[in-house]
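The structure under discussion appears below in the form of structure tokens.
Since every read-out is calculated from the coordinates, none of them should be taken as a lab result. Predicted model only: the values in this text are computed from it and were never measured.
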Amino acid sequence: MLLVLKPNSEELGREAARVVANAVHRNPTLRLGLATGSTMGAMYQELVRLHRRESLDFSKVVTFNLDEYLGLSSNHPQSFHHYMRENFFAHVNVDPENIHIPDGAIKGNYQQYCAVLRVLRRGHSQCRRHRFTNSWHRPQRPHRL
């Protein structure tokens, strides 16, 4: 496990982006798990900078986000889809076909959804469970797939 201590979130974000950038350079077809929230903002800003100024190429990277709010469409301003578009995907060259974020508007067959993700994750033996949290009832436990 790598433990990185930095005096502020900006420096931590730059260091996290450096780790991601090095991984992308080593493996251009990297499968990259992404998170959302204010903690990740500095990392996404630095990755965008590296893409624009140093030609960091995300064109073959496949991304997977871990969760989405149940009941929110991808266009909802509080959705993780929206967050990722505004903070990262709209500014780099990740192929839209390689962006995988759980569908918060999904109804019903969660097992089928997870099966599709397993196929997309080619070569991974276990499908991580994707969390769907209901934004209207935050104290409840997340709905798991």
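Considering amide H positions built from the backbone, and no H for Pro or chain starts, which residues 5 or more places from residue 32, or on another chain, come under 5 Å of its amide H?
Residues meeting the amide H criterion: 62, 63, 64.
Between residue 70 and residues 5 or more places away or on another chain, which pairs have amide H atoms under 5 Å apart, with H built 1.01 Å from N, and which residues are they?
133, 134, 135
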